[in-house]
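Scroll down for the structure; my scribbles are underneath it.
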Amino acid sequence: MDSRQDSHAAPVLNKAVPVRHPGRWISAVVILGALALFLQSLVTNPNFRWDVVGAYILDTKVVQGVAWTLVLTVASMVLAIILAILLAFMRQSENPVFRWSSWVWVWFFRGTPVYTQLIFWGLIAVLYPKISAGVPFGPELFSVDTSTVVTATVAAILGLGLNESAYLAEIFRAGLKSVDSGQMEAAEALGMGKTKIMWRIILPQAMRVIVPPTGNETIGMLKTTSLVLAVPFTLDLTFATNALANRTYLPVPLLIVAAIWYLVITSLLMVGQHFIEAYYGKGVDNRVPAAVNPAAAKAAAAGAPSADAEPALKMEFPGEDSK
C-alpha cells in the first residue's frame with residue numbers, strides 16, 4: 001500500500017538557477033556612465049553657446065539651405081536611380097556593347113572622387129564653351145552657350161547623380177541576381193515578355209535586397225551635398241552655416257546647427273526606409289509575418305479542425321477495406 005502511494009507522489013522539481021552575465025552589466029554601466037558624462041558636458045560647457053544655436057536654428061538662410069539640400073538630394077537620387085536601372089539591365093544584357101558600356105561607366109564614376117567630378121562639372125563651360133549639334137565633319141545645325149544650360153544647380157545635380165548611379169547600378173545588379181533564374185524561366189513558359197517579366201516578376205522580388213542599401217545611399221547623398229561648393233554651388237546647408245560662422249566668428253554653434261538639421265532629415269529618411277523595407281519584406285522578413293487565416297487560427301487554438309483548413313492526408317494500406 002505504501003509503495004502505491006509513493007508511485008503517485010508529486011515529482012520534485014529542480015530549482016533552476018539562471019546564468020549570470022556580469023559582463024553585460026559592467027558594459028551597460030560603462031556605456032551609461034559615458035553617456036551621462038557626455039550629456040553633462042553638453043549642458044555645462046559654455047563654449048557650445050546653445051543660445052547662438054537657438055538663435056540660428058531657424059534662420060532664413062539656414063532654412064533655405066535645408067530646402068536646397070533636399071532639392072539636391074532628391075533630384076540627384078532620382079537621376080541616379082533611373083540611370084542605375086538602365087545600367088543594371090545593360091549589365092545583364094546579351095549584347096556585349098551594352099555590357100561593356102555599363103562596366104566602363106561604373107568603373108569610371110566609381111573610381112574617381114566625387115569632389116573631382118564636381119570640379120570638372122563646374123568647369124564644363126571652360127572645357128566646352130558651346131553645346132552644338134550637326135553633321136559630323138559637316139555644317140553645324142544649332143549651338144547654345146554651355147553656361148546657360150549647365151548652371152551651378154544643374155552641374156551639382158549632374159555631378160552627384162552620375163557618381164551615385166555607378167554605386168546604385170551595382171546594388172540593383174545584386175538585387176536582380178538574388179532572384180532565382182527559375183522565376184524567369186517559369187514566366188517565359190507562361191508566354192510573358194521579358195519586359196513584363198522584369199517589371200512584374202523580377203523587380204518586386206529584388207526590391208527586398210535593393211531597398212536597404214539604397215536607403216543607405218540616400219542618406220549618404222544627403223551628406224555628400226556638402227561638397228557642392230566645388231561646382232561652386234553656394235546655397236546648400238553646409239555653405240549657409242559656414243557663411244554665418246565666418247560672419248559671427250562662432251564656428252562651433254553653427255556647426256551644431258548644421259548637425260541638428262542633418263540628424264533630423266536623416267531620422268525622417270530612416271523612418272521612411274523602415275516602412276518601405278517592411279512592405280517589400282512581407283512573408284520573408286521575420287518581423288513582418290505573413291497573414292494568418294483568423295478562422296483557422298481560432299480552430300487550432302480550440303483544438304478543433306477548421307472548415308478552411310486543408311484536410312489531413314489519410315494513409316490507406318492494401319487490404320484495409322476488407323477488414
Residues that are surrounded by fewer than 19 Cβ atoms within 10 Å (Cβ to Cβ) and in a strand (DSSP E or B): does segment 80-97 have at least one? no
Among the listed residues Ile157, Ile131, Ile171, which satisfies the condition of being in contact with a strand residue (DSSP E or B) (Cβ under 6 Å, 6 or more places away or on another chain) and not charged (D, E, K, R)? Ile131
If Ile31 passes every condition in (1) β-branched (Val, Ile, Thr); (2) over 30 Å from Thr218 (Cβ atoms); (3) free of Cβ contacts under 8 Å to residues at least 24 places away in the same chain; (4) in a helix (DSSP H, G or I) but one, which one does it miss? (2)
Is there a residue in segment 177-186 that is part of a helix (DSSP H, G or I) and either buried (at least 18 other Cβ atoms within 10 Å of the Cβ) or touching an Asp or Glu at 6+ places or on another chain (Cβ under 6 Å) (or both)? no
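Among the residues in segment 54-69, are any in contact (Cβ under 8 Å) with a residue 40 or more places away in the chain, of a type in the set (Lys, Arg), closer than 25 Å to Val252 by Cα and not in a helix (DSSP H, G or I)? Steps first, please.
Going through segment 54-69, the residues in contact (Cβ under 8 Å) with a residue 40 or more places away in the chain turn out to be 56-57, 59, 61-62, 64-66, 68-69.
The next check asks that each one be of a type in the set (Lys, Arg); those that pass are 61.
Then keep just the ones that are closer than 25 Å to Val252 by Cα; that gives 61.
Checking which are not in a helix (DSSP H, G or I) leaves us with none.
For segment 54-69, residues in contact (Cβ under 8 Å) with a residue 40 or more places away in the chain, of a type in the set (Lys, Arg), closer than 25 Å to Val252 by Cα and not in a helix (DSSP H, G or I): absent.
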Scan segment 98-118 residue by residue and report those that are out of contact with any Leu (no Cβ under 8 Å at 6 or more places or on another chain) and assigned to a helix (DSSP H, G or I). Phe98, Arg99, Trp100, Ser101, Trp103, Val104, Trp107, Phe108, Arg110, Gly111, Thr116
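Considering only segment 245-257, I want to know if a residue exists there that is at pLDDT 75 or above, charged (D, E, K, R) and exposed (fewer than 14 other Cβ atoms within 10 Å of the Cβ). Write out each step before concluding.
In the first step, residues of segment 245-257 are kept if they are at pLDDT 75 or above; the result is 245-257.
Checking which are charged (D, E, K, R) leaves us with 247.
Those left that are additionally exposed (fewer than 14 other Cβ atoms within 10 Å of the Cβ): 247.
Looking for residues that are at pLDDT 75 or above, charged (D, E, K, R) and exposed (fewer than 14 other Cβ atoms within 10 Å of the Cβ), one finds at least one in segment 245-257, hence yes.
Could you please give the count of residues in segment 97-129 that are farther than 17 Å from Leu162 by Cα and modelled with pLDDT of 90 or more? First the steps, then the outcome.
Of segment 97-129, the ones farther than 17 Å from Leu162 by Cα are 97-100, 125-129.
Those left that are additionally modelled with pLDDT of 90 or more: 97-100.
Within segment 97-129, residues that are farther than 17 Å from Leu162 by Cα and modelled with pLDDT of 90 or more number 4.
Would segment 136-154 turn up any residue that is closer than 30 Å to Ile265 by Cα, among the hydrophobic types (A, V, I, L, M, F, W, C) and touching a Gly at 6+ places or on another chain (Cβ under 8 Å)? Write out each step before concluding.
Step one: list which residues in segment 136-154 are closer than 30 Å to Ile265 by Cα, which gives 150-154.
Now restrict to residues that are among the hydrophobic types (A, V, I, L, M, F, W, C): 150, 152, 154.
Narrowing further to those that are touching a Gly at 6+ places or on another chain (Cβ under 8 Å): 152.
Checked against the condition, which is being closer than 30 Å to Ile265 by Cα, among the hydrophobic types (A, V, I, L, M, F, W, C) and touching a Gly at 6+ places or on another chain (Cβ under 8 Å), segment 136-154 yields at least one hit.
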Determine whether Arg49 is closer than 30 Å to Thr195 by Cβ and more than 18 Å from the chain's Cα centre (by Cα). no
Looking at segment 226-236, is at least one residue over 26 Å from Ile260 (Cβ atoms), surrounded by 17 or more Cβ atoms within 10 Å (Cβ to Cβ) and of a type outside the set (D, E, K, R)? no
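Table: residues versus (1) among the basic types (Lys, Arg); (2) more than 25 Å from Val62 (Cα to Cα); (3) within 19 Å of the chain's Cα centre (by Cα).
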residue	(1), (2), (3)
Met184	no, yes, no
Met192	no, yes, no
Pro204	no, yes, yes
Val211	no, yes, yes
Met221	no, no, yes
Thr225	no, no, yes
Ala230	no, no, no
Phe239	no, no, no
Arg247	yes, no, no
Can you tell me which residue among Ala189, Ala245, Ala206, Ala169 is in contact (Cβ under 8 Å) with a residue 40 or more places away in the chain and of a type in the set (A, V, I, L, M, F, W, C)? Ala169
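Results for (1) among the aliphatic types (A, V, I, L, M); (2) modelled with pLDDT of 95 or more; (3) more than 29 Å from the chain's Cα centre (by Cα); (4) closer than 30 Å to Ile260 by Cβ, shown as yes or no for each residue.
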site: Thr60; (1), (2), (3), (4): no, no, yes, yes
site: Ala67; (1), (2), (3), (4): yes, yes, no, yes
site: Met90; (1), (2), (3), (4): yes, no, no, no
site: Pro139; (1), (2), (3), (4): no, no, yes, no
site: Ser143; (1), (2), (3), (4): no, no, yes, no
Please work out which residue is nearest to Val126 (Cα to Cα), limiting yourself to segment 217-233 and to residues that are touching a residue at least 12 places away in the same chain (Cβ under 8 Å) and not aliphatic (A, V, I, L, M). Pro232
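The values are calculated or read from the model by the stated rules, or taken from the named source; none is laboratory data. Nothing here was measured: the structure is a model prediction, and the numbers come from that model. No Cβ is skipped: glycine too gets one built from the backbone with ideal geometry, and neighbour counts run over all protein chains shown.
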